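One structure below.
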Amino acid sequence: MAIDVGGTRTRVAAEDGTVVRFPTEPDYDRQLALLRDAVQGRPEAVGVSFGGRVTEDGDVRVSLHLRAYEGRPLGRDLAAALGCPVRVAHDATCGLLGEHALGTLRGEDRCGYLTLSTGVGAAVRLGRGEHFVALTTEAGHQLVEGNDRRCGCGQTGCLETLLGGAQLRRRLGRGLEDVDDPRFWQVYAQRVAAGIANFALTAGLEAVAVGGAIAARRAELWPPLRQALADRLTYQAVRVHQAATEDAPLVGARVLAGTPPTSILH
Ligand SMILES: [Zn+2]
């Protein structure tokens, strides 16, 4: 079975396909109790997509949107609570695994996944068939010239300050779901395009899937984004897809449970 703990929402998918959703609890111990209650029966194995960087053992290293989780052994705590093996990976890496297994990145040997959600996450998958490595990157914190906004990561000028739902909510005083001004989305699309172009060119990617709630729910983002990418990427074309499902990290968490640990760089 699979669990997706995002910065804002949590989803728990049972083997029969039913999904339980609830807001992510900022308090780590309360979240553990909610997860324990949401899991029915005793699963054989659990894959967890998490909104932050983790170690190979599933300890939370950094989570800009769930700071109280940092340093906590999420993988081991869940394994003890659920009585089964638990694998944890960054949600961008899980989104990538999900899109490659069942979505728009099937068959791609050099591909990436960018999530536009509470934060901006990115992961890369290189390799063919069973011989691949999937790794988390910090492309969401690439530095944008002329941007003097302070990011939650401590840097100044990160892409996430321009695109991340949490940082924009604080600045705009409302969530992006309530922003209908077409000019806002034009500018937003230009910034996404530059971020994707740098991400793809740096890693030599041939295809990128864009997921997360913002990418899934703001249809007006896509026409100007495709136009901006066509205008900018005149040297090496990159196939950019809308992720097949908003649940890509959840799909990928299930894939993660059966992926060799050596194929994942956290
Ligand atoms: Zn940053």
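The values are calculated or read from the model by the stated rules, or taken from the named source; none is laboratory data. Quantities reported herein were computed from a predicted structural model and do not represent experimental measurements. For neighbour counting, all protein chains shown are included, and Cβ atoms are generated from backbone atoms with ideal geometry for every residue, glycine included.
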(message) Given (1) over 21 Å from V54 (Cβ atoms); (2) more than 16 Å from the ligand (Cβ to nearest atom); (3) at pLDDT 95 or above, identify the lone condition not met by T93.
(response) (1)
(request) Evaluate the stretch 147-167: report whether one residue or more is more than 11 Å from the ligand (Cβ to nearest atom), without any contact (Cβ under 8 Å) to a residue 12 or more places away in the chain and surrounded by 12 or more Cβ atoms within 10 Å (Cβ to Cβ). (result) no
(message) Tell me yes or no: at least one residue of the stretch 217-228 is of a type in the set (F, W, Y), free of Cβ contacts under 8 Å to residues at least 60 places away in the same chain and out of contact with any strand residue (DSSP E or B) (no Cβ under 8 Å at 6 or more places or on another chain).
(response) no
(request) Can you confirm whether the stretch 163-180 contains a residue that is touching a His at 6+ places or on another chain (Cβ under 7 Å) and within 21 Å of A139 (Cβ to Cβ)? (result) yes
(request) Looking only at the stretch 203-237, count how many residues are more than 21 Å from V187 (Cβ to Cβ) and of a type in the set (A, V, I, L, M). (result) 5
(request) For the stretch 46-56, state whether one or more residues are surrounded by fewer than 15 Cβ atoms within 10 Å (Cβ to Cβ) and under 13 Å from R87 (Cα atoms). (result) yes
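For every residue, the table says whether it meets (1) out of contact with any Asp or Glu (no Cβ under 7 Å at 6 or more places or on another chain); (2) more than 15 Å from A243 (Cα to Cα); (3) in a helix (DSSP H, G or I).
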site: T104; (1), (2), (3): yes, no, no
site: L114; (1), (2), (3): yes, no, no
site: V124; (1), (2), (3): yes, no, no
site: G127; (1), (2), (3): no, yes, no
site: T136; (1), (2), (3): yes, yes, no
site: E145; (1), (2), (3): yes, yes, no
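Each row is one residue, and each column tells you yes or no for (1) in the same structural domain as C153 (by TED's automatic domain parsing); (2) at pLDDT 95 or above.
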| position | (1), (2) |
| --- | --- |
| G98 | no, yes |
| D109 | yes, yes |
| L114 | yes, yes |
| V120 | yes, yes |
| A123 | yes, yes |
| L126 | yes, yes |
| E130 | yes, no |
| V133 | yes, yes |
| T137 | yes, yes |
(message) Can you go through G103, G173, G112 and tell me which one is under 30 Å from R42 (Cα atoms) and away from the ligand (no atom under 16 Å from the Cβ)?
(response) G103
(message) Just the residues that are more than 9 Å from the ligand (Cβ to nearest atom) and under 21 Å from V54 (Cβ atoms), please, taken from the stretch 120-132.
(response) G121, A122, A123, V124, R125, L126, F132
(request) Report yes if L135 is more than 10 Å from the ligand (Cβ to nearest atom), crowded, with 17+ Cβ neighbours inside 10 Å and farther than 22 Å from A216 by Cβ, otherwise no. (result) yes
(message) Checking the conditions here, which among L265, L250, L233 is in contact (Cβ under 8 Å) with a residue 12 or more places away in the chain and more than 16 Å from the chain's Cα centre (by Cα)?
(response) L233
(message) Given the criteria buried (at least 18 other Cβ atoms within 10 Å of the Cβ), farther than 17 Å from V120 by Cα, within 18 Å of the chain's Cα centre (by Cα) and of a type in the set (S, T, N, Q), does T24 qualify?
(response) yes
(request) Please verify whether the stretch 65-88 includes one or more residues that are closer than 23 Å to I3 by Cβ, of a type outside the set (D, E), within 16 Å of the ligand (Cβ to nearest atom) and surrounded by fewer than 24 Cβ atoms within 10 Å (Cβ to Cβ). (result) yes
